[in-house]
Amino acid sequence: MADQSNPGLTWLMFSLLTVASWGVYGVFLHTGQVGMADAVNGRYKAFLFVGIAYFITAVLAPAGLLWAKGATWVFPAKGAWWSLIAGVVGAIGAFGVLLAFGAQGKPAAVMAIVFAGAPIVNAIVSLILHPPAGGWGVIKPQFYLGILMAAAGGCLVTFFKPAPAPVKPAMAQKGNSGSVGQFQVPASGGEAGPTSPRS
C-alpha cells in the first residue's frame with residue numbers, strides 16, 4: 001500500500017498533465033470548429049464531438065477501471081449529485097468557449113480570460129463552501145494580491161494580444177492554369193468552337 005504521508009511529486013505530474021491538456025484545448029477546439037466548414041452550425045457540430053470524446057474518456061474509461069478493480073457499484077446520493085453538477089458546469093464551460101469562438105473571439109484571448117478568471121472563481125467558491133479555520137480575517141493579503149494579479153493578467157493578454165497574420169489574397173487564374181474552356185455558338189451561325197479561358 002502506498003505511503004499517503006509522503007505523496008512525492010506524483011500530484012505535480014498529474015497537475016502538469018492537466019496544464020498541458022487544457023493549454024491546447026482551446027486551440028484544438030477552435031480548429032475543430034473551423035474544420036467543420038459550417039459558419040452557422042460549426043460550433044454545435046464541434047460540441048457534438050466533444051460530447052463523444054467525453055463519453056469515451058469520462059464514461060467508458062472509468063467504468064472499465066471500476067470493473068477491472070472489482071469496485072462496488074454503490075454511489076451515495078451526495079457524491080453522485082455533486083459529480084453530476086460538476087460535469088454539467090464543465091460542459092457549459094466548454095460550450096461557452098465555442099460560443100466565444102463563434103462570436104469572433106480569438107483562441108489566445110478567450111482562453112487567457114478563461115484561465116485567468118477560473119482560478120479566481122475557484123478560490124472564492126472554495127472559500128465559501130469550505131471557510132478557512134478562524135474565518136475570513138485570517139486570510140493573508142497575498143491571497144487577494146494573487147487574485148488581482150490573475151485578473152490583471154487576463155486583461156493584459158486580452159488588450160495586447162498579437163494581431164493575426166494578414167490573409168493572402170487568392171491568386172487570379174491565368175489562361176494556362178489548366179481550366180477547361182467552354183464552347184460558344186457564334187450568333188452568325190458559324191461553326192462552334194472552344195473559347196479561351198479568361199484570365
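The values are calculated or read from the model by the stated rules, or taken from the named source; none is laboratory data. Keep in mind it's a predicted model, so treat the numbers as computed, not measured. Using ideal geometry, Cβ is built from the backbone for each residue, glycine included, and neighbour counts are taken over all protein chains shown.
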- Task: Kindly check whether there is at least one residue in region 35-47 that is over 16 Å from Phe95 (Cβ atoms) and not in a loop (DSSP other than H, G, I, E, B).
- Result: yes
- Query: Quick check, is Ala100 surrounded by 14 or more Cβ atoms within 10 Å (Cβ to Cβ), modelled with pLDDT under 90 and in a helix (DSSP H, G or I)?
  - Reply: no
- Within region 82-115, the count of residues that are among the aromatic types (Phe, Trp, Tyr) and over 18 Å from Lys161 (Cβ atoms) comes to 2
- Ile92 vs (1) closer than 16 Å to Gly32 by Cα; (2) loosely packed, with under 12 Cβ neighbours inside 10 Å; (3) not hydroxyl-bearing (Ser, Thr, Tyr): all pass except (1)
- Which of (1) assigned to a helix (DSSP H, G or I); (2) surrounded by 12 or more Cβ atoms within 10 Å (Cβ to Cβ); (3) modelled with pLDDT of 90 or more is the odd one out, the single condition Trp22 does not satisfy? (3)
- Item | Failed item in (1) among the aliphatic types (A, V, I, L, M); (2) modelled with pLDDT of 90 or more; (3) loosely packed, with under 10 Cβ neighbours inside 10 Å, with Leu66 passing the rest | (3)
- Please go through region 135-154 and pick out each residue that is modelled with pLDDT of 85 or more, closer than 25 Å to Ala112 by Cβ and surrounded by 10 or more Cβ atoms within 10 Å (Cβ to Cβ). Phe143, Tyr144, Leu145, Gly146, Ile147, Leu148, Met149, Ala152
- Inspect region 155-169 for any residue being farther than 25 Å from Phe28 by Cβ and at pLDDT below 70 and give the result as yes or no. yes
- Task: Taking Thr10 as meeting all but one of (1) among the polar types (S, T, N, Q); (2) within 28 Å of Phe159 (Cα to Cα); (3) surrounded by fewer than 10 Cβ atoms within 10 Å (Cβ to Cβ), write down the number of the exception.
- Result: (2)
- Task: Taking the options Gly42, Gly135, Gly87, Gly96, name whichever one is out of contact with any strand residue (DSSP E or B) (no Cβ under 8 Å at 6 or more places or on another chain), among the small types (Gly, Ala, Ser) and either over 30 Å from His30 (Cβ atoms) or not assigned by TED's automatic domain parsing to the domain that holds Ser21 (or both).
- Result: Gly135
- Sole exception among (1) without any contact (Cβ under 8 Å) to a residue 24 or more places away in the chain; (2) assigned to a helix (DSSP H, G or I) for Gly51, by number: (1)
